[in-house]
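Notes follow once the structure below has been shown.
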Amino acid sequence: MDSENMENNSKIQLRKPRVQDADQIMSLKAEILAADRGEDAFAGCGELREAATMEEWLDILGGREDEKTVPEGRVPSISYVAVRENDGRIVGIIDLRYHINHPILGLWGGHMGYTVRPSERGKGYAKEMLRQNLIHCRMRGLKKVMVTCSETNSASEKVILANGGVYEKTVEVDGEKIKRYWMQIA
């Protein structure tokens, strides 16, 4: 979908999830599970796969937002839902990790992960989600962020490149090749 159509028909906004989103979030979760796309299916979703209820998921996300409450082995992060403005449908989820001073994130996890509802893929939402999240990066004072994708995920690679990602290198993790890209925050 080109950017003109995105603006006219399917503009999105990123906002924090809230309890009123329960039906849509659980529907999104079910749709992702039905698509069965492996481990990365819930990228950027902050343990949504494991959460039994919306309240549980919101508690998990809330605990991750502050350095004082983030679980051991994790870094502080914030998650956003992508809401289509013309009908209020949640089309995706994206997170932002405040830093990647962590063995996994610093090697291949990066500053953010994102997932688009399977029925909404190919419509330009991931590109716009990443663009808007880069604004959040700037607001947090980040100057440069790393975003990664599997070598076989050409759709995600296009999203990263469209947002100014500069390829650094490919790393191998558990037999999978992960491409690392860096983005300068203006």
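The relative contact order of the chain comes to 20 percent, based on Cα pairs under 8 Å that sit 6 or more residues apart.
Between Ile60 and Ser27, the modelled labels are 2.1 nm apart [label points 7 Å from Cα along Cα→Cβ].
The label-point distance for Glu172 and Thr53, in a model that sets each label 7 Å from Cα toward Cβ, rounds to 4.6 nm. Give the distance, in whole Å, between the Cα centre of the range 146-186 and the Cα centre of the range 41-91. Centre-to-centre distance over Cα atoms comes out at 22 Å.
Of all the options Met139, Met129, Met54, the one that moves most in a Gaussian network model of the chain with Cα springs shorter than 10 angstrom is Met139. Along the chain, counting only GluC sites (Glu not before Pro) with a DSSP assignment other than H, G, I, E or B and at most 16 other Cβ atoms inside a 10 Å radius, the longest segment between sites is 86-150.
Were the residues from Asn101 through Lys11 laid out at 0.36 nm apart, the gain over their Cα-Cα distance would be 29.0 nm.
Remark: the Cα gyration tensor places the range 85-155 in the oblate category, a/c being 1.5 or greater and a/b not exceeding b/c. Only protein atoms count toward the accessible area here, which uses a 1.4 Å probe; on the chain, the carbon and sulfur part of that area reaches 47 percent.
The solvent-accessible area of Val19, taken with every protein chain present and a 1.4 Å probe, is close to 70 Å².
For the range 116-175, the list of trypsin sites (Lys or Arg not before Pro) that fall in a loop by DSSP and count at most 16 other C-beta atoms within 10 angstrom reads Arg121, Arg140, Lys143. Between Ala41 and Lys68, take the C-beta separation as r, use R0 = 41 Å, and let me know the FRET efficiency to the nearest 0.05. It comes to 0.85. Note on Asp23: accessible area approximately 130 square angstrom, rounded to 10, probe 1.4 Å, nucleic acids and ligands left out.
The values are calculated or read from the model by the stated rules, or taken from the named source; none is laboratory data. This one's a predicted model, so the numbers in the text were calculated from it and none came from an experiment. Heads up, the Cβs are rebuilt from the backbone with ideal geometry, glycines too, and the neighbour counts pull from every protein chain shown. Note: accessible area is taken over every heavy atom of the protein model, side chains too, but ligands, DNA and RNA are not part of it. Shrake-Rupley method; radii C 1.70, N 1.55, O 1.52, S 1.80 Å.
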